[in-house]
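Peer 1: Starting off with a structure, shown below.
Just so it is clear, none of the values below were taken in a lab; they were calculated from the coordinates. The structure displayed is predicted, hence computed values, not measured ones. Cβ: placed from backbone, ideal geometry, glycine included. Neighbour counts: every protein chain shown.
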Amino acid sequence: MEKSKKTLKMIGICIIGLVIVVAVNMLKKPSDPFKASTNKLAYQHIEKVNLLDNPEEDGDFYYVYFYRVGNSNCEKVEDSIKTYARSHSAIYFVNMDEKSKDYKKFDWNKFHEENDIEIGKVKSNGKIEYYEGESKEKYTKSKEKDEYGKTKGYEIKKADKEYLKINKKARKGYVYASLETPDIDYYTLTSEDDVTIAGVPTLLRVKNNKVDQFYFDSVEIKSIMKKLNK
């Protein structure tokens with residue numbers, strides 16, 4: 001009987017210890033995968049004021065990568081960014097957890113209100129009834145470009161409580177093609193301008209003190225990194 005009590009006590013201690021370890025790991029903030037350092041081989045971070053400086057040692061162009069620690073979309077491109085950085089020094093980093101105040105926020109609510117398209121309604125059985133001439137594929141497989149040459153990316157959204165928070169012009173119970181490609185003009189950006197970042201990950205290429213290429217979200221960035229890392 002005494003032996004059984006000791007065994008149960010040991011099991012209890014082990015369980016408590018395991019719970020503590022799990023809790024600590026859950027509360028522990030992920031480490032910065034691109035942490036700044038004075039080491040010459042470390043990842044180089046850049047301040048907003050120097051964003052378009054184009055140092056001579058970087059050659060014709062360089063990249064600036066905006067990210068947040070622990071962001072799921074940033075994690076999707078983390079390995080490919082690291083692969084590029086290992087063989088190219090001309091890439092700089094901006095941790096938006098620390099530097100978001102230096103950059104202008106994109107007004108997603110206004111953007112959705114002005115650009116999302118009502119394409120159908122939700123029937124009583126929960127299924128979508130599209131208007132004549134409308135369909136999911138018309139938007140999710142669209143090759144249409146915006147004025148900056150970016151392919152417009154859409155998501156099909158039912159106007160529930162969450163969607164109505166970002167598009168106050170939407171009608172509850174209806175269906176919308178929600179534009180997810182922000183319309184930001186980086187081409188005319190100067191060192192005096194506010195720099196708008198719609199979200200992370202974002203990748204800018206700077207050439208001759210101007211942004212000449214830019215990429216939004218993990219899909220676009222993963223695609224360009226695949227080409228650059230060949």
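Peer 1: Could you please find all residues in segment 43-75 being without any contact (Cβ under 8 Å) to a residue 40 or more places away in the chain, farther than 15 Å from Val206 by Cα and surrounded by 15 or more Cβ atoms within 10 Å (Cβ to Cβ)?
Peer 2: Scanning segment 43-75 gives a single hit, Glu75.
Peer 1: When you scan segment 40-75, how many residues do you find that are over 22 Å from the mean Cα position of the chain (by Cα), polar (S, T, N, Q) and assigned to a helix (DSSP H, G or I)?
Peer 2: 1
Peer 1: Residues that are surrounded by 15 or more Cβ atoms within 10 Å (Cβ to Cβ), in a loop (DSSP other than H, G, I, E, B), among the small types (Gly, Ala, Ser) and in contact with a helix residue (DSSP H, G or I) (Cβ under 9 Å, 6 or more places away or on another chain): does segment 130-137 have at least one?
Peer 2: No, every residue in segment 130-137 fails to be surrounded by 15 or more Cβ atoms within 10 Å (Cβ to Cβ), in a loop (DSSP other than H, G, I, E, B), among the small types (Gly, Ala, Ser) and in contact with a helix residue (DSSP H, G or I) (Cβ under 9 Å, 6 or more places away or on another chain).
Residue-by-condition table, conditions (1) more than 24 Å from the chain's Cα centre (by Cα); (2) within 19 Å of Leu204 (Cβ to Cβ); (3) loosely packed, with under 13 Cβ neighbours inside 10 Å; (4) not hydroxyl-bearing (Ser, Thr, Tyr):
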{"position": "Val77", "(1), (2), (3), (4)": "no, yes, no, yes"}
{"position": "Ala85", "(1), (2), (3), (4)": "no, yes, no, yes"}
{"position": "His88", "(1), (2), (3), (4)": "no, yes, no, yes"}
{"position": "Asp97", "(1), (2), (3), (4)": "no, yes, no, yes"}
{"position": "Lys105", "(1), (2), (3), (4)": "no, yes, yes, yes"}
{"position": "Phe111", "(1), (2), (3), (4)": "no, no, no, yes"}
{"position": "Ser124", "(1), (2), (3), (4)": "yes, no, yes, no"}
{"position": "Thr140", "(1), (2), (3), (4)": "no, no, yes, no"}
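Peer 1: Going through segment 153-168 one residue at a time, which ones are among the charged types (D, E, K, R), under 13 Å from His112 (Cα atoms) and surrounded by 12 or more Cβ atoms within 10 Å (Cβ to Cβ)?
Peer 2: Scanning segment 153-168 gives Glu155, Lys157.
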